[in-house]
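The values are calculated or read from the model by the stated rules, or taken from the named source; none is laboratory data. Treat the numbers as computed from the prediction; the structure is a model and nothing was measured. Virtual Cβ from ideal backbone geometry, glycine too; neighbours counted across all protein chains shown. The protein model used for the area step is the full one, side chains on, heavy atoms only, and it has no ligands, DNA or RNA in it. Shrake-Rupley method; radii C 1.70, N 1.55, O 1.52, S 1.80 Å.
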Amino acid sequence: MSDLTHRLAQPDDLEALRAVMARAIAQLQHGFLTPEQVAASHQVMGLDTQLIADQTYFLVEDGAGTIAGCGGWSYRATLYGGDASIVAREPQRLDPAHDAAKIRAMYTNPDFTRRGVGRRVLGLCEEAARAAGFARAEMMATMAGVPLYEACGYRAVEPILSAPIDGVRVPLVRMEKAIR
């Protein structure tokens, strides 16, 4: 993984980020979700461009500029979902003294799985949230992400099902961790 670097995502990264996310949803959820749930996931997950505007969204890339993975954190109340998802936005600012930072939109390029990319992005997010004064982090995890997050110290708080999309609900798990 030493050949990988990280940086904050910029607006001109959007097209490449969306392509990585679409591939990750389509390929990495199998074995955890039914084909119908995978298809519905595209309307539940995705990138919230507010994270890029807030400069809280990281990407990890190789020397050729290929995105290996991405993810962010937020000081806003929205827990999950992208610009085009069925999830409502909650843009109000959180109070680090009382609220948990939100870990958001974590994706690994299917060509880079099992290489520590997700763990690296998660670490960057936790470090940045800690520097902003947050003592806790929470996320809405996909079923495919739960094993990584548990290995990184997150605990399941609440299983949920997404709103129905053409009659299909996507299972998710709200997870949290003390980061201080």
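For the stretch 1-46, how many residues meet the condition of being of a type in the set (D, E, K, R) and outside any helix (DSSP H, G or I)?
2
Identify, please: which residue in the stretch 145-180 is of a type outside the set (A, V, I, L, M) and part of a helix (DSSP H, G or I) and is, among those, nearest to TYR80 (Cα to Cα)?
TYR149
If you check ASP12 against the conditions, is it farther than 23 Å from SER162 by Cα and surrounded by 14 or more Cβ atoms within 10 Å (Cβ to Cβ)?
no
Exactly one condition in (1) closer than 21 Å to VAL173 by Cα; (2) open to solvent by less than 30 Å² (accessible area, probe 1.4 Å); (3) touching a strand residue (DSSP E or B) at 6+ places or on another chain (Cβ under 6 Å) is false for TYR80; which is it?
(2)
Scanning for something buried (at least 23 other Cβ atoms within 10 Å of the Cβ), modelled with pLDDT of 95 or more, touching a strand residue (DSSP E or B) at 6+ places or on another chain (Cβ under 6 Å) and not hydroxyl-bearing (Ser, Thr, Tyr), does the stretch 50-58 turn up at least one residue?
Yes, because at least one residue in the stretch 50-58 is buried (at least 23 other Cβ atoms within 10 Å of the Cβ), modelled with pLDDT of 95 or more, touching a strand residue (DSSP E or B) at 6+ places or on another chain (Cβ under 6 Å) and not hydroxyl-bearing (Ser, Thr, Tyr).
Of all the residues that make up the stretch 88-112, how many are surrounded by 22 or more Cβ atoms within 10 Å (Cβ to Cβ) and either touching an Asp or Glu at 6+ places or on another chain (Cβ under 6 Å) or over 26 Å from GLY133 (Cβ atoms) (or both)?
3
Pick from the stretch 113-124 the residues that are open to solvent by less than 50 Å² (accessible area, probe 1.4 Å), in contact (Cβ under 8 Å) with a residue 60 or more places away in the chain and not β-branched (Val, Ile, Thr): which of them is nearest to GLU176 (Cα to Cα)?
Looking at residues that are open to solvent by less than 50 Å² (accessible area, probe 1.4 Å), in contact (Cβ under 8 Å) with a residue 60 or more places away in the chain and not β-branched (Val, Ile, Thr), I get LEU124.
Can you say whether ALA129 is touching a residue at least 60 places away in the same chain (Cβ under 8 Å) and not in a loop (DSSP other than H, G, I, E, B), as far as the supplied structure shows?
Here the answer is no, as ALA129 does not meet what is asked.
Quick one: in the stretch 152-180, of everything that is among the small types (Gly, Ala, Ser) and without any contact (Cβ under 8 Å) to a residue 24 or more places away in the chain, which residue is surrounded by the most Cβ atoms within 10 Å (Cβ to Cβ)?
Within the stretch 152-180, the match that is surrounded by the most Cβ atoms within 10 Å (Cβ to Cβ) is ALA156.
Could you list, in sequence order, the residues of the stretch 68-102 that are among the charged types (D, E, K, R), in contact (Cβ under 8 Å) with a residue 24 or more places away in the chain and farther than 21 Å from ARG18 by Cβ?
ASP99
Considering only the stretch 33-58, state which residues are closer than 20 Å to VAL117 by Cα and in contact (Cβ under 8 Å) with a residue 60 or more places away in the chain.
Correct list: MET45, THR56, PHE58.
Taking the stretch 47-71 on its own, how many of its residues are part of a strand (DSSP E or B) and more than 15 Å from the chain's Cα centre (by Cα)?
Summing the residues that are part of a strand (DSSP E or B) and more than 15 Å from the chain's Cα centre (by Cα) in the stretch 47-71 gives 1.
Give SER74, SER85 a once-over and let me know the one that is open to solvent by less than 30 Å² (accessible area, probe 1.4 Å), of a type in the set (Gly, Ala, Ser) and more than 11 Å from the chain's Cα centre (by Cα).
Result: SER85 is the single residue among SER74, SER85 that is open to solvent by less than 30 Å² (accessible area, probe 1.4 Å), of a type in the set (Gly, Ala, Ser) and more than 11 Å from the chain's Cα centre (by Cα).
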